[in-house]
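Each reported figure results from applying straightforward, stated rules to the coordinates on display, with no laboratory input. Quick caveat, the model's predicted, so the values are computed rather than measured. Cβ sites come from the backbone with ideal geometry, for glycine too, and all protein chains shown count toward neighbours.
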Amino acid sequence: MLYSYLKSFSQIAVHGIKEHKIRINKNTRIKVFQQNIAHEIQKIALCGDDICISIHGHIDIKKECYVLIEGYLLNVNYSPLFKTDEFNLLYAYDGPLGYIYNKEYTEFYVWSPIAEKINLLLYKNFDPTIEEEPEVFEMQSLQKGVYYIKIDGDLDGFFYNYEAYVYGKRNVVVDPYAYAVGVNGLRGAIVDLKSTNPDGFEEDSYIKLNANVDAIIYEVSIRDFTIDSTSGVNLKGKFLGLTEENTNYEGVQTALYHIKDFGITHLQIMPMYDFSYKSVDEKYPLDKYNWGYDPQNYNCPEGSYSINPFSQKSRIVELKKLIKKLHSIGIGVNMDVVYNHMYEAQHTHFEGLVPGYYFRKNLDGSFINGSGCGNDTASENYMMRRFIVDSVKYWTKEYHIDGYRFDLMGLHDIETMNRVRDEVLKINPYAMIYGEGWNIPTGIEEDIRAIQKNSGKLLGIGFFNDTIRNSVRGSVFEYKEKGFVSGALNLEDTIKECVKGLPNLYVSPCQNINYISCHDNHTLWDKLNISNSKDLFEDLKSMHKLAYGIVLTSQGVPFIHSGDEFLRTKKGVENSYNAKDEINKVDWSLKVKNIDVYNYLKGLINFRKNHPAFRIKDRELIERHIEFLQSPKNTVMFIIKDNANFDSFKDIIVIYNANNNTVKLSLPEGEWHLYVDKNSVYETPKRKFTSSIDVEPISLTILSNTI
Ligand code: CA
């Protein structure tokens, strides 16, 4: 393939000449031109397999550039230039962006070193389908590629877009920094953010967290959690639905009070920024289903979760009310953020303003697609990194968000993630930053990707642990593969590593997010039903309880997918991102049916919270206090000894028995009191054992020599 790209302001490379049998000599016909004006060529040289053309003077990046070589016309890809120091020297910008609202005037700033001209379009209507001639204001070009305008008057209530003239095209785009939008996110909205604060929001604050290991994360979707009639919620599938108190179904608590009763500390909310209107039309939110991992406007809440998506302020007010409500019952809010890709890159505000800058491109100009969604953003580029950091800072300050779960964090670079951590912690010292550190090929080298094996360079940032997931339940990709709890053999050593929070992978247990089920892939219950289809319901239930028992007794940060605590099913659907409510809904009748599982996990959460021995934040202390004891095949037995992490219990013995039969285990010297067995968690110990114990088939057991 023959293509051309920019190496610097004065050097253009052409790739693929050998393939096309193009010979380079003094007779080769080469021209470099922009808008019919040819650049004077200084030198042509071979650089590796490519040829490098040096020109006198500079490429003007506001115009497209073409290379004509032996009859082939090539559009020059500028993306590589955007990563260079010489580009950053001219255009890296740290001043204000977005709009700054005042009652008397509003100032607008937008960055585009590429645009020849940018106009501010001011509208009265929230929706492009309403015909209206906008007021047009030409913006002033400042240094560093910034366009600016100040408009007098109180603009609260107006809408705006930018009209950017880029390479001869007119692109009308929403401001990437817009803090509010009209319905379906097609116009930015100017709002006085102060007027969006619910009563008392100024006094609302973050949830205090001593260490990440003290958190218990619970993942919910705003829509799934309350959409079913069994939720008993009035405003089903809305932000406000989750603020309703005392909702119940046949005597069991649902929604908000369920969360409170369960005992988790942090709610991880699946995408709640404004996602693509093509996935869910905010005017008809129930017509289509989508989780929303397809961002459209990063700094605004999603409209389909609002009771009034037509109001630019309502969604903001409603989300703030939800956060305030959750904080008032002691629960933190972690936001699921997807800065790694966008919905249809070529139609985004980013591409409309600065084509080729915000997304990673191959040298041939095509989008890099590690995310599997068609494009990866270029976090390593100065202004994209800045955008991500600014965005999380904004959510932290404006909405009091307690933490961030980064979708495909491994596509981001280490420096970006460290900046995110530093800047967010400056605002909220208790904040949690974690994400999916999967190693996926993308446009940056492996050693700078924010992936699990680079955790040593990402201190204070957490990673989802796929080792515990796959070893406890079996691979998420091989549906029939069993795990430790469901009958796979020889996993004892892996489980032991998991108990200690993967000491060979993570510098700190605070970086280790222990999970076995989340929105992706089968729910744990569906997985067990597929991998162990011939087993009895009661045995599957025991496996389910043991699996979460391992998560809640291992060192690290436990993570629970909502509804798993009462055997949530998605009816066997593995990838339900756009399945119907019927598949994705949390069905609260299952809580009634499986209340025993709920009570057991609730008891384990409470036990974990009462026992700091399960929440050691220091690697060395884990090594010092945890010792594995001899035990038969398919069992793991360990002792957390000597009042670990100031635990009130002297020694705690934990036993996982994955065998389908009762197993006799020898106990260390002393009297051992039973706190947890297969079916119950006891506040005061049930029985005591000396020298040995018979543990039930497929069970968790916890004992201590302290009463
Ligand atoms: Ca939307």
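In table form, for the structure just shown:
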{"quantity": "Rg followed by Dmax, in Å, when the chain is reduced to its Cα trace", "calculated": "28.4, 95"}
{"quantity": "Computed helical MRE - 222 nm, the chain, DSSP H runs ≥ 4 contributing -39500 (n - 2.57), nearest 500", "calculated": "-6000 deg cm²/dmol"}
{"quantity": "FRET efficiency estimate (nearest 0.05) - Cβ-Cβ, SER691 to LEU46, R0 60 angstrom", "calculated": "0.15"}
{"quantity": "Base-10 log of normalised Debye intensity for the stretch 193-326 (one unit scatterer per alpha-carbon) at q = 0.09 Å⁻¹", "calculated": "-0.27"}
{"quantity": "Stretch gain in nm, segment LYS278-ASN234, where the contour uses 0.36 nm per residue and the Cα spacing is subtracted", "calculated": "13.2 nm"}
{"quantity": "ASP152 versus LYS31: modelled label distance in nm, points set 7 Å from Cα along the beta carbon direction", "calculated": "5.1 nm"}
{"quantity": "Low-density loop positions, chymotrypsin sites (Phe, Trp or Tyr not before Pro), the stretch 435-506 - DSSP coil, at most 13 other Cβ in 10 Å", "calculated": "PHE477"}
{"quantity": "Theoretical FRET efficiency, 1/(1+(r/R0)^6), r = Cβ-Cβ of GLU620 and LYS457, R0 30 Å, to 0.05", "calculated": "0.90"}
{"quantity": "Alpha-carbon centroid distance for the pair the stretch 515-593 / the stretch 203-245, whole angstrom", "calculated": "19 Å"}
{"quantity": "For the stretch 1-86, convex hull of alpha carbons as volume per residue, Å³", "calculated": "95 Å³"}
{"quantity": "Virtual spin-label span in nm between LYS397 and LEU286, 7 Å along Cα→Cβ", "calculated": "4.0 nm"}
{"quantity": "Largest to smallest principal axis extent of the C-alpha atoms in the stretch 292-334, angstrom", "calculated": "31, 22, 14"}
{"quantity": "Loop-located GluC sites (Glu not before Pro) in the stretch 232-273, at most 15 other Cβ atoms within 10 Å (DSSP)", "calculated": "GLU245, GLU250"}
{"quantity": "Amide hydrogen neighbours beyond the local backbone of THR706, cut-off 5 Å, H modeled", "calculated": "LYS650, ASP651, HIS673"}
{"quantity": "Mean-position separation - Cα centroids, the stretch 250-326 and the stretch 640-658, in angstrom", "calculated": "40 Å"}
{"quantity": "Whole-Hz couplings from phi, Karplus 6.51/-1.76/1.60, listed for the stretch 338-348; x for Gly and Pro", "calculated": "10, 7, 7, 7, 10, 6, 6, 3, 5, 9, 7"}
{"quantity": "The stretch 298-457 - Rg and Dmax from Cα coordinates, angstrom", "calculated": "16.4, 53"}
{"quantity": "Lys/Arg +1, Asp/Glu -1 at C-beta; the chain dipole; positive extreme among CYS510, TYR109, TYR162", "calculated": "CYS510"}
{"quantity": "Cα Rg, Dmax, the stretch 624-704, angstrom units", "calculated": "12.0, 36"}
{"quantity": "Semi-axis lengths, Å, the stretch 88-173, gyration tensor of Cα atoms, sqrt of 5 times eigenvalues", "calculated": "23, 17, 9"}
{"quantity": "Those GluC sites (Glu not before Pro) in the stretch 273-351 that DSSP places in a loop and that have at most 16 other beta carbons within 10 Å", "calculated": "GLU344"}
{"quantity": "Mean projected area in nm² (Cα convex hull; one quarter of hull surface) for the stretch 471-574", "calculated": "6.3 nm²"}
